[in-house]
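> One structure follows; several queries about it will come next.
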Amino acid sequence: MQTIALLVKKPWFLGSLVVIFVSVILWNIPIEKRKYGLSQSGLVTDYTGLLPERIERVVKAENRSDLQRIVKRANVNGQQIAIAGLQHSQGGHTYYKNGVVLDMRTFNRILEIDEQQKTVRVEAGATWEDVQEAIQPVGLALKVTQSQSIFTIGGSLSVNAHGRDIRFGSMAETVKAMTIITPEGDIKTVTREDPDEWMKYIFGGYGLFGVIVDVTVEVTENHLYTIQTEKLKIGSYASYFDQLLNDQHMAMHYARVSVAPNSFLDEMYVINYKQTEKRDYTTALKKEQSVRLTKLALDIGRHGGALENLFWGTQKRYIASIDGKEITRNNAMRSESTFMEYTKPGRVEVLQEFFIPVHRFEAYMNELKNIIPANDKNDDFKIHNITIRYAAADRFTTLNYAKEDMFGLVVLMQHGLKEEQITEATSVIQNWTHLTLDHGGTYYLPYYRYQTKEQFRRSYPQWEKFAEEKLRRDPNNVFQNMFYDYYVK
Amino acid sequence: MNHKSTRYLPLVVTVGQVVIFPYYIIWLKEVSLTFTLFAWFFATFSFAAAWGYQIAQSRTNKDHSYIMFIYAGMGIVYILIGAIKNSSDILPYAVILLQVILGLLQGYFRAWHAEQDTYHLHAVHHYLIVGCAMIGFSFVKIISPVVFITIFGILMCMCAVWELFRKEKKKTIIPGK
């Protein structure tokens, strides 16, 4: 006690106390998260908040019969239903003007894990993280999912998501069976062999063909991988990837393209996950780490110009530092996401994804330089990040974005919310889409509707079949959303 | 003049700090994302104030003080608070730095003030003045707390200038005695 009393009289001791305390706070400053979703007063939004809309009400079903009753009643009463999970889609796919929003987050149970068959049966409102937590202790991992595990199973299947895996095809291909509630309110269990082809429309169907209640999804061994990273020039990427695909030891892959002025669309980093044949049962699922530090780095890069160069340099150093490290399959499929939070008033950060045939990549990237500026420091519309995923050809779903083997360019961009700023962003994105279409590519539909209806129809030539089936299977137009209303109806 | 400023400047500063406190709290709550962070900011201020108090007390030459710089420092911090954009990416980092500086300066000022002959008289007066001032301010509609904070910052800078003149004057009077 006496020692403490003596220490308190020393300025150096109190100074050290302040420094230590401040350091602890700096490390733990929480990150402000976007306010979006069903809780917004009076209006519903999705992740970007760009399409606020008034709805009639939000309903949560207690069980399957309850769900069935809600859908049947909507058929009788002429109500419209939109289906929502965690609402990470960005184009009004989860709500409809004056409609009912079916909040599926209550359906979040893991129903069955079959270790022999390597399958998991899970309710649609559960997240991939819930599934990972259930299967990791038995040495299993997901076959295909997005880079982050924050999405619901139903949401990911409705947008037919893809990720870093390069061996198992699209997410839709990993589903063995599922239980759905059809637009007329019938409960059905469907498989890929189902003569009614429900899966063909429900995967990538954006919630317009029924409610996914549960899904039996194939899983695989939770192997340990060695991370391999390499710096490349854009021009050599397509041939590099061809070789990579032929190496059967490579399980997962993605790449980052420079958007920094000094190396704009010229330099890139690849990150590969190579099989070690070791199966992992013990490594814990990783949690978000050093979020504040990563966010600070991203915030610096968000300013563009020299600071974007600095950010790219930091990314390169980080990527080089993980070369040779080991990671489990589960952990490679659950990257951090909180550091990407962006809450600046008057501005919004959105995603877009463009798919380009593998063999057109180099020519496409060269022409892209004419559409987006290398240095966007003084522009309102800014690009922060481009990552590349491989999307294997999908000939199963109707609105398929990968008609052949494609590279998906996931683009993180930012613009202001004033009318002229949105118009400018729309113009750049439409030009970008135009270039993509000219190279035989497509764009991804879960994001905000910057593209024209003509561009949608050109990207998805099967849209008429989609619309026709929608009317046939849902004659009372029970399942509706803003996306359908704008592009398909 | 010398006597008056020696007597009244610390009172003005003490009263001003208490009067501005509610506005400062509103601002701090606005820029803190969570209550936890708000409380941490306060704790930082408190630890820094203890540090500043101890620095002032450990001065070997008690006749010599940096009080003019303390006033100026406080003034600059309050003016900076008024100038910070709430949407800045670095806001939490800036706030924690300002809390450390403000705590340090306030602790130093309190220790220095306690050594002055007028301290006990000021203690009573400042309570009364603050009471009256707050009644007055209750009729002023707050548009934004930063307006008051900035005004107080300017006032503090004026106190620093006043203190500088007082010291200079004292220097010129003494040789001529």
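The values are calculated or read from the model by the stated rules, or taken from the named source; none is laboratory data. Everything quoted here is computed from the prediction, not taken from an experiment. Don't worry about glycine lacking a Cβ; one is built from the backbone with ideal geometry, like all the others, and counts go over all protein chains shown.
> Among the listed residues B:LEU33, B:LEU37, identify the single one that is assigned to a helix (DSSP H, G or I), within 11 Å of chain A (Cβ to nearest Cβ) and over 19 Å from the mean Cα position of the chain (by Cα).
After applying the criteria, what remains is B:LEU37.
> Search the stretch A:157-172 for residues being assigned to a helix (DSSP H, G or I) and either of a type in the set (Gly, Ala, Ser) or in contact with a Cys (Cβ under 9 Å, 6 or more places away or on another chain) (or both), and hand back the single one that is surrounded by the most Cβ atoms within 10 Å (Cβ to Cβ).
Going through the qualifying residues, I end up with A:SER158.
> Report, by residue number, each residue of the stretch B:1-30 that is modelled with pLDDT under 85, farther than 18 Å from B:PHE109 by Cα and part of a helix (DSSP H, G or I).
Across the stretch B:1-30, the qualifying residues are B:ASN2, B:HIS3, B:LYS4, B:GLU30.
> Next question. Quick one: which of B:PHE109, B:PHE47 is within 13 Å of another protein chain (Cβ to nearest Cβ) and of a type in the set (Phe, Trp, Tyr)?
Going through B:PHE109, B:PHE47 in turn, just one is within 13 Å of another protein chain (Cβ to nearest Cβ) and of a type in the set (Phe, Trp, Tyr): B:PHE47.
> If A:LEU208 satisfies every condition in (1) among the aliphatic types (A, V, I, L, M); (2) outside any loop (DSSP other than H, G, I, E, B); (3) out of contact with any Ser or Thr (no Cβ under 8 Å at 6 or more places or on another chain) but one, which is the exception?
That leaves (2) as the condition not met.
> While we're looking at this one, here's another question. When A:ARG109 is evaluated against the numbered criteria (1) among the basic types (Lys, Arg); (2) surrounded by fewer than 18 Cβ atoms within 10 Å (Cβ to Cβ); (3) closer than 24 Å to A:LEU445 by Cβ, which criterion, by number, is the only one it fails?
If we test A:ARG109 against (1) among the basic types (Lys, Arg); (2) surrounded by fewer than 18 Cβ atoms within 10 Å (Cβ to Cβ); (3) closer than 24 Å to A:LEU445 by Cβ, just (3) comes out false.
> I've got another one for you. Determine, yes or no, whether B:VAL15 is more than 14 Å from every other protein chain (Cβ to nearest Cβ) and surrounded by 15 or more Cβ atoms within 10 Å (Cβ to Cβ).
Criteria met by B:VAL15.
> Moving on to the next point. I'd like to verify a number: residues in the stretch A:113-141 that are closer than 21 Å to A:VAL211 by Cα, without any contact (Cβ under 8 Å) to a residue 40 or more places away in the chain and not hydrophobic (A, V, I, L, M, F, W, C), how many?
Residues meeting the conditions: 1.
> Check the stretch B:89-105 and report whether any residue there is under 19 Å from B:VAL31 (Cβ atoms), surrounded by fewer than 16 Cβ atoms within 10 Å (Cβ to Cβ), without any contact (Cβ under 8 Å) to a residue 24 or more places away in the chain and among the charged types (D, E, K, R).
no
> Restricting attention to the stretch A:46-79, report how many residues are aliphatic (A, V, I, L, M), part of a helix (DSSP H, G or I) and farther than 17 Å from A:VAL213 by Cβ.
1
> OK, next. When the residues of the stretch B:66-95 are narrowed to those that are under 26 Å from A:LYS33 (Cα atoms) and not in a helix (DSSP H, G or I), which ends up farthest from the other protein chains (Cβ to nearest Cβ)?
Per the criteria, the residue is B:ILE84.
> Another question, if that's okay. Considering only the stretch B:50-65, state which residues are of a type in the set (Gly, Ala, Ser) and either farther than 21 Å from B:GLU163 by Cα or facing another protein chain (nearest Cβ under 10 Å) (or both). Don't jump to the end; show me each part of the working.
Initially, the stretch B:50-65 is screened for residues of a type in the set (Gly, Ala, Ser), giving B:50, B:52, B:56, B:58, B:65.
Within the stretch B:50-65, B:ALA50, B:GLY52, B:ALA56, B:SER58 meet the criteria.
Rundown of residues vs (1) of a type in the set (Phe, Trp, Tyr); (2) out of contact with any Phe, Trp or Tyr (no Cβ under 9 Å at 6 or more places or on another chain); (3) within 14 Å of chain B (Cβ to nearest Cβ), yes/no style:
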| site | (1), (2), (3) |
| --- | --- |
| A:LEU7 | no, no, yes |
| A:PRO11 | no, no, yes |
| A:VAL18 | no, no, yes |
| A:PHE21 | yes, no, yes |
| A:ILE25 | no, no, yes |
| A:ASN28 | no, no, yes |
| A:LEU43 | no, yes, no |
| A:ARG54 | no, yes, no |
| A:GLN68 | no, yes, no |
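> Name the residues in the stretch B:31-78 that are modelled with pLDDT of 90 or more and among the β-branched types (Val, Ile, Thr), would you?
B:THR44, B:ILE55, B:ILE70, B:ILE76, B:VAL77, listed by residue number.
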